[in-house]
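Everything on this sheet refers to the single structure shown next.
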Amino acid sequence: MTPDEIIRTFDDHYHRLDHSDAPESSLVPPPGDPVLFTTSGMHPLTPYLLGRPHPGGRRLVNVQRCLRTTDLDEVGDRTHLTVFQMLGSWSLGDYDIATSLRWGFDLLTDGYRIPPQRLHATVFGGDDQLGPDETARETWTALGVPVEALGEDNWWSNGPTGPCGPDSEIFVWTGDGPPTGTPSGDARWVEVWNHVQMRYHRHPDGRLTSLPLPSIDTGMGLERLEMVLRGETSVFTGDGLRPWVGAVRDRWDLPETDLRVVADHLRSAVVVLSDGVRPGNTGRGYVLRRLLRRALTVLWRDDPARSLGELPLTGYADTLRRFRRPVDPDPLRELLCDEERRFRELLRRGRPLVDRVRARGPLTERDYHWLHDTHGLPRELVDGLLSDVG
């Protein structure tokens, strides 16, 4: 299946179950929201999960572009991305977790043709405040899917306070041969879907109180699902990443992990730019700047002459189409190249500073902090770039 076919199959499944389309939101939350970026499909729906009536009704479905900085250090492995698309479904005080899990099982096995024996579920096993999620366990057992009960790994929250609840995660076996082991002990089990019971509100003192409207929130990463359906072992072989991976590989010889970092960060930067964010020193602008400078740091480690201007517009245009962003790619490429020029100038000015500090002896933590806080030179640049870039 192509990503477009995967999305269409998901939407059709939930439309048949009387779900209405929830509009996709920007990566930039509305004013007053403390979160820098939209991190999940549920984020824009938080007021409705807390009880406000939604104009689309009590059953919703959509695909939402998301950005997670919490996974930034994981990017470079085979399954993590900074910006990705989330397929989501919601019950706002309507059906329960057993119904959500059964419908999810039907979609995975009938809609996407995943053999049931390649599935494994995890459920909340209880803690000092709540008992185990027996409903989810019994539902999976009745469907013939093996279950593993875990602790905090199967508890979802949007932060230290606020809406939260037990969840059930669905994993697909990606290894050779018959499935073995459990998701907590074998990385060949890849999580594709999470069904959250939004039932509680956590207070600052840790207390849990029941929400007035128990809801169900599910989220499934498009790129991971595509990887699983194609029998691949990396999200970077998918249609959405291939234009960037191919363009970078055709021009520069990079180790696989570095290739993935550059492809992910440039693709992510294009999506962030399309939502109106511009590089800066604080907030969202800093996240965007960090993505670009991380990519450039990797590129310039072996050859400081490499330039983003060498990449064609193909990746830009493909990404904008897939993320439903009606934006001209040319100005976005100019913005990336302009940020590259700024960064190169920073390195040019920073090299004498680093040399002067190094002349006194090995760099100390205080030196690293001074170079970063005063001159904007992060540790990875000081250690890996500034001695080579002129």
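The values are calculated or read from the model by the stated rules, or taken from the named source; none is laboratory data. Keep in mind it's a predicted model, so treat the numbers as computed, not measured. Reconstructed Cβ throughout: ideal geometry from the backbone, glycine too, with neighbour counts over all protein chains shown. The area values use the complete protein model at the heavy-atom level, side chains included, leaving out ligands, DNA and RNA. Shrake-Rupley method; radii C 1.70, N 1.55, O 1.52, S 1.80 Å.
When the criteria are applied in full, VAL35 meets the requirement of being at pLDDT below 95 and closer than 22 Å to TRP156 by Cα. If you scan region 256-276, which residues turn out to be crowded, with 23+ Cβ neighbours inside 10 Å, under 17 Å from PRO331 (Cα atoms) and not small (Gly, Ala, Ser)? LEU266, ARG267, VAL270, VAL271, VAL272, LEU273, listed by residue number. Of the residues contained in region 296-314, one or more are found to be open to solvent by 50 Å² or more (accessible area, probe 1.4 Å), under 30 Å from GLY221 (Cα atoms), assigned to a helix (DSSP H, G or I) and out of contact with any Gly (no Cβ under 6 Å at 6 or more places or on another chain).
What helices (runs of 4 or more DSSP H), lying completely within region 328-390, carry at least 2 residues that are open to solvent by 60 Å² or more (accessible area, probe 1.4 Å) and at pLDDT 90 or above? Give the steps one after another, and end with the answer.
Numbers: elements: 329-358, 365-375, 379-384.
Where helices (runs of 4 or more DSSP H) fall fully within region 328-390 and carry at least 2 residues being open to solvent by 60 Å² or more (accessible area, probe 1.4 Å) and at pLDDT 90 or above, they are 329-358, 365-375.
Only one of the numbered conditions (1) over 22 Å from HIS19 (Cα atoms); (2) open to solvent by less than 10 Å² (accessible area, probe 1.4 Å) is not met by PRO243, and that is (2).
Residue by residue, here is whether (1) of a type in the set (A, V, I, L, M, F, W, C); (2) at pLDDT 95 or above; (3) farther than 29 Å from ARG294 by Cα holds:
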{"residue": "ASP205", "(1), (2), (3)": "no, no, yes"}
{"residue": "SER210", "(1), (2), (3)": "no, no, yes"}
{"residue": "LEU229", "(1), (2), (3)": "yes, yes, yes"}
{"residue": "ASP239", "(1), (2), (3)": "no, yes, no"}
{"residue": "GLY246", "(1), (2), (3)": "no, yes, no"}
{"residue": "ASP250", "(1), (2), (3)": "no, yes, no"}
{"residue": "GLU256", "(1), (2), (3)": "no, yes, no"}
{"residue": "ALA269", "(1), (2), (3)": "yes, yes, no"}
{"residue": "SER274", "(1), (2), (3)": "no, yes, no"}
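Does ARG293 meet the test of being touching a helix residue (DSSP H, G or I) at 6+ places or on another chain (Cβ under 7 Å), assigned by the TED database to the domain that holds ASP338 and open to solvent by 20 Å² or more (accessible area, probe 1.4 Å)? Criteria met by ARG293.
Restricting attention to region 273-295, report how many residues are assigned to a helix (DSSP H, G or I) and either farther than 19 Å from THR319 by Cβ or not aliphatic (A, V, I, L, M) (or both). Break it down stepwise before answering.
Going residue by residue through region 273-295, those that are assigned to a helix (DSSP H, G or I) are 273-274, 283-295.
Going one step further and asking which of them are either farther than 19 Å from THR319 by Cβ or not aliphatic (A, V, I, L, M) (or both), we end up with 274, 283-286, 289-290, 293-294.
So the answer is 9.
Would you tally the residues in region 44-81 being farther than 30 Å from LEU241 by Cβ and not aromatic (Phe, Trp, Tyr)? Step through it out loud before you land on a result.
So in region 44-81, the residues farther than 30 Å from LEU241 by Cβ come out as 47-59.
Pick out the ones that are also not aromatic (Phe, Trp, Tyr) and you get 47, 49-59.
Number of matching residues: 12.
Can you give me the number of residues within region 14-42 that are open to solvent by less than 20 Å² (accessible area, probe 1.4 Å), touching a helix residue (DSSP H, G or I) at 6+ places or on another chain (Cβ under 9 Å) and touching a residue at least 60 places away in the same chain (Cβ under 8 Å)? The total comes to 6. Scanning region 316-327 for residues that are outside any loop (DSSP other than H, G, I, E, B) and touching a residue at least 24 places away in the same chain (Cβ under 8 Å) gives TYR316, ASP318, THR319, LEU320, ARG322. If you go through region 59-80 and keep only what is more than 15 Å from ARG290 (Cα to Cα) and modelled with pLDDT of 95 or more, you end up with ARG59, LEU60, VAL61, ASN62, VAL63, GLN64, ARG65, CYS66. Go through the residues of region 319-326 one by one and say whether even a single one is more than 19 Å from LEU241 (Cβ to Cβ) and open to solvent by 40 Å² or more (accessible area, probe 1.4 Å). Yes, region 319-326 contains a residue that is more than 19 Å from LEU241 (Cβ to Cβ) and open to solvent by 40 Å² or more (accessible area, probe 1.4 Å).
Filter region 1-42 down to the residues that are assigned to a helix (DSSP H, G or I), more than 19 Å from the chain's Cα centre (by Cα) and of a type in the set (A, V, I, L, M) and list them by number. Selection gives nothing. Just checking, does region 279-290 include any residue being within 22 Å of ALA247 (Cα to Cα), surrounded by fewer than 19 Cβ atoms within 10 Å (Cβ to Cβ) and out of contact with any Gly (no Cβ under 9 Å at 6 or more places or on another chain)? Within region 279-290, one or more residues are within 22 Å of ALA247 (Cα to Cα), surrounded by fewer than 19 Cβ atoms within 10 Å (Cβ to Cβ) and out of contact with any Gly (no Cβ under 9 Å at 6 or more places or on another chain).
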